[in-house]
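Data first, discussion second: the structure below is written as structure tokens.
The values are calculated or read from the model by the stated rules, or taken from the named source; none is laboratory data. The structure presented is a predicted model; accordingly, all values stated were derived computationally and were not measured. Every residue, glycine as well, gets a Cβ built from its backbone with ideal geometry; the counts of neighbours run over all protein chains shown.
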Amino acid sequence: MHKIIVPLFLFALFAVNTQAQNSITISGKVVDQDSGQPLEYATFVLQSSNDPAQVTGGITDLDGKFEVEASPGQYNIRVEYISYKTYARTNQTYNASTNLGSIILAPDVAQLQEVEVVGEKTTVEVRLDKKVYNIGKDITTSGGNVSDALGNIPSVSVDVEGAISLRGNENVRILINGKPSALAGFGSTDALRQLPADAIEKVEVITSPSARYDAEGTAGILNIILKKEKTLGINGSVNTTVGIPFNARATTNFNLRTEKFNIFNTLGYFHRESPGEGRNDNTYLSDASQFDRIIEERDISRNDDGFNINLGMEYFLTDKSSITGSVFFRWSDENDLTENDNQRFIDNNLDSRTFRTEDQGEDDRSSQYSLNYTNNINDSGHKLTADFQYSTDDEDLLTVIQENNTFPNDNLLALENIYEKQTQDDILAQIDYVLPMGDAQFEAGYRGNFEKEVNDYQLDTLNQGTGNFETNTDLTNIFTYHENVNALYTQYGNKYGKFSVLLGLRLENTQMKGSVDSDIDGAVLDELIGQDVDLNFDKNYLGLFPTVNLVFEISETQNISLGYNRRINRPRGWFINPFPSRSSRTNVFQGNPDLDPAFANAFDLGYMKRWKTLTFTSSIYYQKETRSFEFITEETGQVTSDGIQIIRSLPINLSTNERVGAEAGVMYSPAKWWRLNGSVNFFLFSTDGEFNNVDYGASNSSFFTRLSSKFTLPAKMELQANSFYMGPRQNAQTETDAMFSLDMALSKDLFQDKATLSLNVSDMFNSRRRQSYTQTASFIRDSEFQWRKRQVNLSFIYRFNQPKDRRQGNRPDGDERGGEEQGEFKGGGNS
């Protein structure tokens, strides 16, 4: 571990030791043993042999060169670079300026920190409990957002509405720098569309989370690590994007680092117009509906603006400790207009036609205040960190729904105003302690998450008789929800010959408390949400969550891993709110206050093998979840004024579901100018349970696969193609067709690699559409939906005092990650 974790004070002494008359210059170049390519951002350390406390040094530039001034004397020299063996020489005498020539570093395939598994440096790292994907070189996401970037990560899929799945399971926990964050949104992934993809350093796919992680997320965890510049001096970049359909984005980041502090700042603005469309063909099977068939055709236009700022400062208290404070603000103004043309049939004849508009305006304001203290007690990894974070989110929404008859008569059917005000406050407090013990490591910590959500909902309907709007008191309400989680964890890791072991235990107490303020009549309430449902509830759940991760090294180039963990899926506030909200007069979503958390046990068996130009990774996994959530669709027994059934969707706790699957990935470099990356994930899914005397048991098999091909062309150009295919799938009521999409990109480096111009096309064939078929006892629905049409972006990024591809390893390992990863155990030479 000492080969990678470089003490902070080395960076604090990069400045020259100026004694003008007697100074000499030590220079040289650091290159890779196999390719002869220069290694930028390698660390050169110059330590006085007579006074070891006197240390200076520097880092290599884009050409792998370094130059350090010092006084004549005797020195120990050392060159370090992540995933390479350290070059060291002792008692070297330098009485005059000296050029050391080329210093050759050899890859270290046996080091415990992390392993380079493909020719392109730090593209993928395989660790004991996770895979780490560095996506900074994925040019297909240039000008895109974080959600776009996640869609190119193996094991991860993003559907047409932005829902993120891990191995086909949408219950995935998303963290930013190891912690829940306002940057990722509160219970929604919408905020990820507002952050630029180039803000990401890497993404950790954690399918077998260790005990240091929150137990939330039965599918696992996606931890998004944002970029953080580590270079002395002033540096930064400016990134601009323009695209069709029209969108524009401008992002700047600025960094000022000295020996005592590091100031970092990011500013971003975006304007996005994202057209979409949908179609529903509904056939009604019961006599409750006046119509036999209704065809809905939707056109969706979005016009969104947003601005965000992140400002922070890290102050180095000592050579080994620092305190970091940051503030983040995001403002967005979103306007979505959905136009819905309805054709209504009786006995296959057009009876009437309506036109509905849903005009929604949303004003969203988020903020986050963070404070971190880090103390690297010694160089062996002994460490203490503490974090405090306060986040807020305020959303004001006004939705105007108007529906008119257009055939055979022109007249107003309904006009509704929906007012929603949603606020959320989130407090996080965390402390982590790491104690290395030779090859072993002990960790312990505490985390507290305290969330409060308030949803103020009001529905006003136009009374056409009086011409006045009247408030619907049966649906108007204020729902307040608290979720408090307190957790203690401990874990122990060690290496026994070829075996690496990481054992952990996490104790979590979850409190879910809700209350409703409403004037609804008791009889109406029973009809609306059912009898014996407690709207003012206070539930507590205490659980133990063990984790086991094992790695056996067959050889330096292959290993087998085994992981087990227990997880929890806590329902979000909108899952529990019993009052319906509606996207139309005929379709409503209703929460379920009786919903309890679901629990899952998961096993993962993995195998990895590396050759010189090819890496193969694979795993077989099994998960069993009890009291799992399932969204069901059913009749409400109510009809609109013009005789259409009102259908509701709500989540319920079904008995169990089981998921078994296998995934495999191949990274292959047939030539220095060509890299291939492919993966496939196949899974079987079954669930059983019933609700309201309806059996919702179902079995499902599906798969998804992706292939990326990247070419390095002459004249500093790169070409990349990413393809994705999602196989057909189904649940108890709905079958969804297969889907294919292709992204293409071309980039060109300019101005001596200080700038890059990129052109990319997202969804080249405009084929990213969800087509599904739903059948119940009362209706059949054939639907198609496209969230966003094909997008073409032109991006330009200019960097000052900043390399094109930032290398890792220039700061201690834990500094660039969130509180979740402090002192991470790195057992297993290839893990």
Within the stretch 757-783, how many residues turn out to be over 30 Å from Ala715 (Cα atoms), touching a strand residue (DSSP E or B) at 6+ places or on another chain (Cβ under 6 Å) and hydroxyl-bearing (Ser, Thr, Tyr)? 6
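May I ask you to list the residues in the stretch 680-695 that are aromatic (Phe, Trp, Tyr) and buried (at least 19 other Cβ atoms within 10 Å of the Cβ)?
Phe683, Phe685 - these are the residues of the stretch 680-695 that are aromatic (Phe, Trp, Tyr) and buried (at least 19 other Cβ atoms within 10 Å of the Cβ).
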Pick out the one residue from Asn760, Asn722 that is in contact with a helix residue (DSSP H, G or I) (Cβ under 6 Å, 6 or more places away or on another chain) and either surrounded by fewer than 19 Cβ atoms within 10 Å (Cβ to Cβ) or farther than 30 Å from Gly661 by Cα (or both). Asn760
Conditions: (1) in contact with a Gly (Cβ under 9 Å, 6 or more places away or on another chain); (2) under 16 Å from Asp737 (Cβ atoms); (3) at pLDDT below 90. Phe785 meets all but one. Number of the miss? (3)
Just to be sure, is Ser391 of a type in the set (Gly, Ala, Ser) and within 22 Å of Asp214 (Cα to Cα)? yes
Given (1) modelled with pLDDT of 90 or more; (2) in a loop (DSSP other than H, G, I, E, B), number of the condition Gly809 does not satisfy: (1)
Which condition number does Leu794 fail, the rest of (1) crowded, with 16+ Cβ neighbours inside 10 Å; (2) more than 30 Å from Arg279 (Cβ to Cβ); (3) modelled with pLDDT of 90 or more being met? (1)
Could you go through the stretch 232-245 and let me know if any residue there is within 30 Å of Asn349 (Cβ to Cβ) and surrounded by fewer than 20 Cβ atoms within 10 Å (Cβ to Cβ). no
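I want to confirm something. Restricting to the stretch 421-442 and keeping residues that are small (Gly, Ala, Ser) and farther than 26 Å from Leu371 by Cβ, which single residue is surrounded by the most Cβ atoms within 10 Å (Cβ to Cβ)?
Ala440
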Name the single residue that is surrounded by the most Cβ atoms within 10 Å (Cβ to Cβ) among those in the stretch 386-420 being hydroxyl-bearing (Ser, Thr, Tyr) and under 18 Å from Val588 (Cα atoms). Thr399
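Would you check if Glu658 is of a type in the set (Asp, Glu), touching an Asp or Glu at 6+ places or on another chain (Cβ under 9 Å) and in a strand (DSSP E or B)?
Yes; evaluated as a whole, the condition is true for this residue.
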Are there any pairs with C-beta distances below 6 angstrom linking a residue in the stretch 408-424 that is not assigned by TED's automatic domain parsing to the domain that holds Phe345 to a residue that is surrounded by 11 or more Cβ atoms within 10 Å (Cβ to Cβ) and small (Gly, Ala, Ser), with the two at least 6 apart or on different chains, and if so which? none
Count of the stretch 54-106 residues which are outside any strand (DSSP E or B), among the small types (Gly, Ala, Ser) and modelled with pLDDT under 85: 3
Answer residue from the stretch 255-291, given it is assigned to a loop (DSSP other than H, G, I, E, B) and of a type in the set (A, V, I, L, M) and is surrounded by the most Cβ atoms within 10 Å (Cβ to Cβ) among those: Ala288
